[in-house]
Amino acid sequence: MARRHRVVVIGAGFGGLRATKALRGAPVDVVLVDANNYHLFQPLLYQVASAGLDADDIAYPARGIFHRQSNVDVVMGRVTGADLDRRELQVDGLGPLGYDSLVVGAGAVTATFGVPGVAEHAFALKNLQDALDLRHHVLRRFERAALEPAMLDDGLLTVVIVGGGPTGVELSGGLAELFGTVLAKDFKRVDVRRARVVLVEMTDRVLGPFAPSLSAKALTKLRELGVEVLLGRTVERVEATKVHLTDGTTIAAHTLVWAAGVEASGLGAALGLNVGRSGRIVVERDLSVPGHPEVYAIGDVAAATDERGVLLPQLAPVAMQAGRHAARQIVARLEGRPTTPFHYRDKGIMATIGRNNGVAQLPGGIHLSGWLGWVAWLGLHLVMLIGFRNRANVLVNWGWNYITYDRGARLIID
Ligand SMILES: Cc1cc2nc3c(=O)[nH]c(=O)nc-3n(C[C@H](O)[C@H](O)[C@H](O)COP(=O)(O)OP(=O)(O)OC[C@H]3O[C@@H](n4cnc5c(N)ncnc54)[C@H](O)[C@@H]3O)c2cc1C
């Protein structure tokens, strides 16, 4: 029997999952390869870091997602290179993996922008291990403060978060609340009022992609929560317990979180593909790679543009729509039809700043803030989470945290 057309999808992220699902019922066999054996819901990583949720609430086994899709095989392995002419991938520990069509959805990694000390001393918030490492580190600083209160003078309980985008803002709010409502009760002999959350942003406002009025509301709320927001300030270099700003200020801090930006995964270059700014793979309007119509790049790793040539943002809805589009182009080519350009339909952007507060900028010029923004954020994130168990767990945890002002996930188990 002739072998069916084989599509290899790299990455079980938002884009890769959507591409794989869109190939359900198509006359192809799909191999979904990911370095991890799970799909991760990155928008809720900050909740794991701030002890609101546990790791397995926001991740779901990739194999489980495709139980009922008979044309999918899931492989756990890291793709390290390719021979594009032979249509073969190199996968760590697996050897060569052939394909007829390839979808690259390898996502992004934290960009340190070469700031000295960041790679060595900063915590990132890009994967589950990052979130758990940060949570454990922060909780350990509090345990240490209980034993050596004098170390508060040395910034033991100061967290500096660099980058006032959604990640930095949400994490700042989450940590400020964790300190004020939970750890203040846990650590009776520690003067938790001296714990600081400092948010450093280089531009003149937080939440840059949002309308200025929503940024202003977010800033007010952050300050109400006790977050010290430093606008128009840049980090020059970092030491283990000190953060030096370019204006000469030094902040004593035992915790630095780098949320200042991401760059595309290095996989594009490793595969020998043409990469542009921030390592994003150059793609045609139909998301195929120039010179290789059988290879598509989607999501954070791709430099997809809109109709006017403007680079699309690295957001989950972009990756999901691109994944579905790439799958449709593969089927179109198989059926001898021409491919079509990718058009992104803007779904809006949202961020939450502590309990009862969020901002949402929706299509059609609709802006929500305060409690309404928060409810919109809660609803959307619940709907987007994969798996009934995860949704149920998150709902129960959020309900519990909301009613009791508690955070259950504050065990140190590293
Ligand atoms: C903290 C945080 C908060 C965010 N909040 C929001 C938000 O509120 N709203 C929003 O729209 N977006 C948000 N984003 C961005 C959003 O998560 C990304 O845009 C989205 O995940 C991109 O999807 P993707 O499929 O391109 O990549 P990803 O979802 O990152 O998936 C990439 C996958 O590729 C795998 N992989 C990478 N390299 C290899 C390799 N060499 N071999 C095999 N597998 C590999 C990875 O393990 C991963 O599973 C947030 C991101 C972060 C980090």
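Can you give the helix-only mean residue ellipticity at 222 nm for the chain, where every DSSP H stretch with n ≥ 4 adds -39500 (n - 2.57) and the sum goes over all residues, rounded to the nearest 500 deg cm²/dmol? If you can, show how the numbers build up before the last one.
Values: 11 runs with 122 residues, N = 414.
Estimated from H runs of four or more residues: -9000 deg cm²/dmol.
Under 1.5 on a/c is rounded, so check that first for the stretch 147-203, then, if it is not, pick prolate when a/b is larger than b/c and oblate when it is not; a ≥ b ≥ c are the square roots of the alpha carbon gyration tensor eigenvalues. Mind dumping the intermediate values first?
On the way: a/c = 3.99, a/b = 1.69, b/c = 2.36.
Oblate is the answer for the stretch 147-203, as a/c is 1.5 or above yet b/c matches or exceeds a/b.
Mean Kyte-Doolittle of at least 1.6 plus a Cα span of 20 Å or more along the axis: flag which DSSP H helices in the chain meet both, please. Walk me through the intermediate numbers first.
Numbers: long enough: 128-147 (29 Å, -0.35); 316-334 (27 Å, 0.19); 370-384 (21 Å, 1.35); 388-404 (24 Å, -0.35).
None pass (Cα extent of 20 Å or more, hydropathy at least 1.6).
Summing +1 for each Lys or Arg and -1 for each Asp or Glu, what net charge is found among the other residues whose Cβ lies under 11 Å from the Cβ of L411? Each step should come with its number before you reach the end.
Working: positive: R135, R407, R410; negative: D54, D414.
For residues surrounding L411, the net value is +1.
Rounded, prolate or oblate: pick one for the stretch 374-414, where a ≥ b ≥ c are the square roots of the eigenvalues of its C-alpha gyration tensor, a/c under 1.5 means rounded, and failing that, prolate if a/b is larger than b/c, else oblate.
Oblate is the answer for the stretch 374-414, as a/c is 1.5 or above yet b/c matches or exceeds a/b.
Under a cut-off of 16 Å between alpha-carbon atoms, report the aspartates and glutamates in cross-link reach of K188, not counting same-chain residues fewer than 8 places apart.
E143, E148, D406
Among the aspartates and glutamates, which fall within straight-line cross-link reach of K21, defined as a Cα-Cα distance under 16 Å, with same-chain neighbours fewer than 8 residues apart omitted?
Within the straight-line cut-off, K21 pairs with D29, D34, D73.
Over what distance in Å are the Cα centres of the stretch 1-72 and the stretch 365-414 separated?
22 Å
Nearest 5 percent is fine: what portion of the DSSP beta bridges confined to the chain is antiparallel?
If we restrict to bridges inside the chain, about 50 percent are antiparallel.
Would you look at the GNM of the chain, springs on alpha carbons closer than 10 Å, and say which of G399, G266, G155 moves the most?
Fluctuation is largest for G399.
Lys and Arg at +1, Asp and Glu at -1: add these up for the other residues within a Cβ distance under 12 Å of H136 and post the number. Before the final figure, lay out the partial values.
On the way: positive: R135, R140, R141, R410; negative: D130, D133, E143, D414.
Result for the neighbourhood of H136: 0.
Could you give the nm distance between label points at F113 and N274, where each point is 7 Å from its Cα heading toward the beta carbon?
Once both label points are built, they end up 2.9 nm from each other.
By how many nm would the segment from E120 to L231 lengthen if fully extended, with 0.36 nm per residue of separation less the alpha-carbon distance?
On the way: separation 111, 0.36 × 111 = 39.96 nm, distance 2.47 nm.
Contour length minus Cα-Cα distance gives 37.5 nm.
For the chain, set up a Gaussian network in which alpha carbons nearer than 10 Å are linked by springs, and say which option among G379, G387, G370 fluctuates the most.
Highest fluctuation of the listed residues: G379.
Using a Debye calculation, one point per C-alpha and no hydration shell, please list log10 I(q)/I(0) for the stretch 170-318 at q = 0.09, 0.10, 0.13, 0.21 Å⁻¹ in order.
The computed values of log10 I(q)/I(0) come out as -0.45, -0.54, -0.80, -1.23.
Using every pair of alpha-carbon atoms in the chain, split the distances into 20 Å bins beginning at 0 and state the percent of pairs per bin, rounded to integers.
26, 55, 19, 1
How much net charge surrounds G387 when only the other residues with a Cβ under 15 Å from the Cβ of G387 are counted, with Lys and Arg +1 and Asp and Glu -1?
Values: positive: K21, R63, R68, R389, R391; negative: D54, D56, D57.
Cβ neighbours under 15 Å give a net charge of +2.
Report the extension gain between T181 and Y402 in nm, rounded to one decimal, defined as 0.36 nm multiplied by the number of residues separating them, less their alpha carbon distance. Please report the intermediate quantities before stating the final value.
On the way: separation 221, 0.36 × 221 = 79.56 nm, distance 1.10 nm.
Contour length minus Cα-Cα distance gives 78.5 nm.
Read-outs throughout are calculated quantities, based only on the coordinates presented, and are distinct from any laboratory measurement. Predicted model, so just to flag it, every value in this text is computed and none were measured. As a convention, Cβ positions derive from the backbone with ideal geometry for all residues, glycine included, and neighbour counts pool all protein chains shown.
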